[in-house]
Amino acid sequence: MSVHVQREMEKIKKMILALSAVVEESVQQAAQSLEKLDVPLAEKVIGNDEQVDDMEVDLEEECLKILALYQPVAIDLRFLISVLKINNDLERIADLAVNVAERTVALAVGARVPAPFDFSEMARRVQVMLEKSLDSLVNMDSRLALQVCKLDDEVDEIHKRTYQLVKDQILQYPERIDGLVHYLSVSRHLERIADLATNIAEDVLYMIQGEIVRHTM
């Protein structure tokens, strides 16, 4: 690989890591905003979404430029393909963090409704998954990536239980239906973040091993 291409690949790595840091912070702040019903913090998450969108577009353009100009092969091609997919997943995670923040605003301005499930525990598990998936990317660590894939089932199970809990509370407290539906949406958004963190981990495994594992895990 030429020095110039190597420099371009290092630039891509720095860009994906910078985007990862911003997205991870958005998820943390969205969860914190809901836990405390902190509207200013929620609005900060919503306002930061444009920055993520810009970073995602810039990174995609850099990857496409390298593909067009240098036609990389083998491990470099695998890396770029994975980065393009992870880039898209990170942007979607940021969108879901915005969705959670929007639920914070809706719950804060409406009649206060007790959370029908342990939101903090679910959010903590999802943040652990995202952190591990991004650490696996930084360190090219297949062990961490595999841990993320295993944790996804736990979050799926929490979401299933949440759905039943919300349904039971709607029957018991029909006057709380608006707030309960917001909490159900939060659970669904967190479950989707966990799915996307799993996608990132699977792409890291592809980077390292050169094997597509998403249908075999």
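The values are calculated or read from the model by the stated rules, or taken from the named source; none is laboratory data. All values derive from a computational prediction rather than experimental measurement. Here Cβ is always computed from backbone atoms with ideal geometry, including for glycine, and neighbour counts include all displayed protein chains. For accessibility, only protein heavy atoms count, side chains too; no ligands or nucleic acids. Shrake-Rupley method; radii C 1.70, N 1.55, O 1.52, S 1.80 Å.
What's the magnitude of the charge dipole for the chain around its Cα centre, counting Lys and Arg as +1 and Asp and Glu as -1 at the beta-carbon? Answer in Debye, nearest 20.
Taking the Cα centre of the chain as origin, the dipole is about 400 debye.
Between TYR163 and LEU64, what's the calculated FRET efficiency when r is the beta-carbon distance and R0 is 30 Å? Round to 0.05. Mind dumping the intermediate values first?
Details: r = 40 Å, r/R0 = 1.34.
About 0.15, to the nearest 0.05.
At 1.4 Å probe size, with every protein chain present, just tell me what the per residue accessible area of segment 1-101 comes to in Å².
For segment 1-101, the solvent-accessible area averages 50 Å² per residue.
Result for the chain in a Gaussian network model with C-alpha springs under 10 Å: among LEU137, LEU171, LEU64, the largest mean-square fluctuation is at LEU171. Annotation: extensible slack from LEU17 through ASP141 equals 43.2 nm (criterion: 0.36 nm per residue apart, minus Cα-Cα distance).
Peptide packing for 101-108, 51-58 was compared via the average number of neighbouring C-beta atoms within 10 Å per residue; ordered from the highest value, the list is 101-108, 51-58.
Efficiency by 1/(1 + (r/R0)^6): what FRET value for ILE75 and VAL39, r their Cβ-Cβ distance, R0 = 41 Å, to the nearest 0.05?
Details: r = 47 Å, r/R0 = 1.14.
The computed FRET efficiency comes out at 0.30.
Using Cα centres only, tell me the gap between segment 165-206 and segment 34-108 in whole Å. Taking the Cα centre of segment 34-108 as reference, the centre of segment 165-206 is 20 Å away.
Projecting the Cα atoms of GLY210, LEU64, ALA106 onto the dipole axis of the chain, where Lys and Arg carry +1 and Asp and Glu carry -1 at the beta carbon, places GLY210 farthest toward the positive end. Taking Cβ atoms as reference points and 12 Å as the exclusive limit, the residues near SER185 contribute a net charge of 0, counting Lys and Arg as +1 and Asp and Glu as -1.
Any idea what the relative contact order of segment 103-181 is, in percent, if you count C-alpha pairs under 8 Å spaced at least 6 apart? Intermediate results must be reported in sequence, preceding the final value.
On the way: 43 pairs, mean separation 30.5, N = 79.
Reported relative contact order: 39 percent.
What's the carbon and sulfur percent of segment 92-176's accessible surface, probe 1.4 angstrom, rounded to a whole number? It is 50 percent, rounded to a whole number.
Only Lys, Arg, Asp and Glu count, each charged at its Cβ (+1, +1, -1, -1), so figure out the dipole size of segment 1-120 about its Cα centre, rounded to 20 debye. Don't skip to the end; give the middle numbers.
On the way: 12 positive and 22 negative charges, 61 e Å.
I would put it at about 300 debye.
Ordered from largest to smallest accessible area (heavy atoms of protein chains, 1.4 Å probe), the residues VAL109, VAL45 come out as VAL109, VAL45. Both the radius of gyration and Dmax for the chain are 19.0, 67 Å, in that order, over alpha-carbon atoms.
Projecting the Cα atoms of VAL73, ILE46, SER133 onto the charge dipole of the chain, computed from C-beta unit charges around the Cα centre, puts SER133 farthest toward the positive end.
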